[in-house]
1. Anything in the range A:79-131 that is closer than 24 Å to B:ILE16 by Cα and either surrounded by fewer than 18 Cβ atoms within 10 Å (Cβ to Cβ) or not assigned by TED's automatic domain parsing to the domain that holds A:VAL222 (or both)? List them, or say none.
2. Evaluate the following for A:THR59: is it modelled with pLDDT under 95 and at the interface with another protein chain (Cβ under 8 Å from one of its Cβ atoms)?
3. Return a yes/no flag: does the range A:12-24 have any residue that is surrounded by fewer than 21 Cβ atoms within 10 Å (Cβ to Cβ) and within 9 Å of DNA strand C (Cβ to nearest atom).
4. Filter the range A:55-78 down to the residues that are open to solvent by less than 50 Å² (accessible area, probe 1.4 Å) and over 18 Å from A:ALA164 (Cβ atoms) and list them by number.
5. Here are some residues: B:ILE183, B:ILE199. Which one is crowded, with 20+ Cβ neighbours inside 10 Å, modelled with pLDDT under 90 and over 25 Å from A:ALA165 (Cβ atoms)?
6. Looking at A:ARG152, is it surrounded by fewer than 22 Cβ atoms within 10 Å (Cβ to Cβ), assigned to a helix (DSSP H, G or I), at pLDDT 90 or above and within 18 Å of the chain's Cα centre (by Cα)?
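The values are calculated or read from the model by the stated rules, or taken from the named source; none is laboratory data. These numbers were taken from a predicted model, which means no experiment stands behind them. Positions of Cβ are generated from backbone atoms using ideal geometry, with glycine treated the same way; all protein chains shown enter the neighbour counts. Heads up: the accessible areas ignore ligands, DNA and RNA and are worked out on the full protein's heavy atoms, side chains in. Shrake-Rupley method; radii C 1.70, N 1.55, O 1.52, S 1.80 Å.
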Number of protein chains: 2
Amino acid sequence: MGSRSNVVIDGIRQMITSGELMAGSRLPVERELGARLGVSRGPLREGVRALVVLGVLETRQGDGTYVTSLEPGQLLEPLGMLAELQSPENSVHLLAVRRVLEPEAAAHAALRISDDELAEARRILERGEAILSVGDDIDLEATIDVDTEFHRLIATASGNPAFAAIIDALVGRTARARLWRAIHQHGAVHDTQREHRAILDALEAHDPDRARIRMSVHVLGVEDYTERHVDEQPVDDVD
Amino acid sequence: MGSRSNVVIDGIRQMITSGELMAGSRLPVERELGARLGVSRGPLREGVRALVVLGVLETRQGDGTYVTSLEPGQLLEPLGMLAELQSPENSVHLLAVRRVLEPEAAAHAALRISDDELAEARRILERGEAILSVGDDIDLEATIDVDTEFHRLIATASGNPAFAAIIDALVGRTARARLWRAIHQHGAVHDTQREHRAILDALEAHDPDRARIRMSVHVLGVEDYTERHVDEQPVDDVD
DNA sequence: CATGGTGAAAGGTCTGATGACTTGGGGCGC
DNA sequence: GCGCCCCAAGTCATCAGACCTTTCACCATG
């Protein structure tokens, strides 16, 4: 096994679960922590860096190393990067998760969404309509942004940070450029906008059942497009 | 920003998304890769180690560094560790995710579960019944194992690796010792076993609707226990 | 042809030195 | 006395070099 740095990871993890380190706590200095775990600074830094990437620790140069808030949103953040590395065939599997989670999130959101959030959602969809009203030459990037923001807003409004974090990760760029190109080619961008509007209506009415169903239909449609166009050429756009 | 090692992570990630590195590919040697990314061995190793922990890379001493299969199960593995770091208040949020995902996974499993998997599920539940038949002095650890294995088997049998990976992570030790102690104190361990049996019946009948409902009820029950006992004393058991 | 040894190559670890950045306090000017 | 600036100590970030451990392939030997 890649031993020494795993010792570091396990050691720090146990220091947290045992309560010795709390959220926001500052860790001992590198040299001291290394001595305690029986490793030198090299492997120690490797382990710490890994936990930083996982969202468990946070280092501030010139200051020290701290435990993060350990909130779900923080810890599930790396999930986004992992979703991006998925091959198109697996996008179907990830969309299946969305199809289950997002309607539920929408239902929760319908019950507890605030007026401010509703106003924000309206603003997002108005931007979407402005983009579509220009005619044939649609700004695809902007359309994707609108879609992303709309879904994330609902996920957040659900009040469940775990929902929000997972949906956030899955709504991310996963095969999105290719997908939206396909949607655009089939003139379905207006359908998407209409579905978004229907979801918003349900949220405004604070009707969880309608919100759930509208969201289900919406994600199902996206899923259909994905399944139909898995075979198309890959688009390598770096972010 | 924690600069140099992030350069490494982004660099390797882009080498993968750009197709330069495929699943299973071998990376250049440390010194060469470091030279190419403009960093020395230290930060390079930090970045590589982080990607190893995320399940993206795999190092073999004396051999080289390779890209993993990049399958969802592989990449979502670290999710388990993150779930363990959650505070009890957040357990409710994680259980809400289970309540949504597991019934769907059970429905899928009902449609596609194999005879071998059904046999395995029966064996697991028989073990559970053996544990319960001894009388009052129930082996709680073994009971937790049975529960874990049963849920994971169904998640895997769903055929969706993303479902399986996320459920796997959430079914993990999250506040489980405390939870099961509460269930045991209320004499509800037999209820759990009975619910498991009902789920298995639905799977054997390949009836997705029944499987979904049975699983819903089961997880809902667990959720109730959790909500009722969040306030109890924490149990610090290291794995 | 099979088998065992041997060495090159790769990742793993340690050490020391240096740079970059943050923080807090002390000194200086007003 | 008050406030501002500057500096020095502490900390993480990086680099460089050396050595250890493990793996794999080639080759010599039986």
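1. Scanning the range A:79-131 gives A:GLY80, A:GLU84, A:SER87, A:PRO88, A:GLU89, A:VAL92.
2. No; evaluated as a whole, the condition is false for this residue.
3. No: the range A:12-24 contains no residue that is surrounded by fewer than 21 Cβ atoms within 10 Å (Cβ to Cβ) and within 9 Å of DNA strand C (Cβ to nearest atom).
4. Residues satisfying the conditions are A:VAL56, A:LEU57, A:GLY64, A:THR65, A:TYR66, A:VAL67.
5. Just one listed residue meets the conditions, B:ILE183.
6. yes
Here is a yes/no grid of residues against (1) away from DNA strand C (no atom under 16 Å from the Cβ); (2) of a type in the set (Asp, Glu); (3) on the phi < 0 side of the Ramachandran plot; (4) in contact with a Ser or Thr (Cβ under 9 Å, 6 or more places away or on another chain):
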{"residue": "A:ASN6", "(1), (2), (3), (4)": "no, no, yes, no"}
{"residue": "A:GLY42", "(1), (2), (3), (4)": "no, no, yes, yes"}
{"residue": "A:GLY47", "(1), (2), (3), (4)": "no, no, yes, yes"}
{"residue": "A:GLY55", "(1), (2), (3), (4)": "yes, no, no, yes"}
{"residue": "A:ARG60", "(1), (2), (3), (4)": "no, no, yes, no"}
{"residue": "A:LEU70", "(1), (2), (3), (4)": "yes, no, no, yes"}
{"residue": "A:GLN74", "(1), (2), (3), (4)": "yes, no, yes, yes"}
{"residue": "A:LEU79", "(1), (2), (3), (4)": "yes, no, yes, no"}
{"residue": "A:SER87", "(1), (2), (3), (4)": "yes, no, yes, no"}
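One line per residue, one yes/no per condition, for (1) in contact with a Lys or Arg (Cβ under 9 Å, 6 or more places away or on another chain); (2) without any contact (Cβ under 8 Å) to a residue 12 or more places away in the chain; (3) closer than 30 Å to B:SER25 by Cα; (4) within 12 Å of chain A (Cβ to nearest Cβ):
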residue	(1), (2), (3), (4)
B:GLU71	no, no, yes, yes
B:GLN74	no, no, yes, yes
B:LEU82	no, no, yes, yes
B:ALA96	no, no, no, yes
B:SER114	no, no, no, no
B:ILE138	no, no, no, no
B:GLU141	no, yes, no, no
B:ILE144	yes, no, no, no
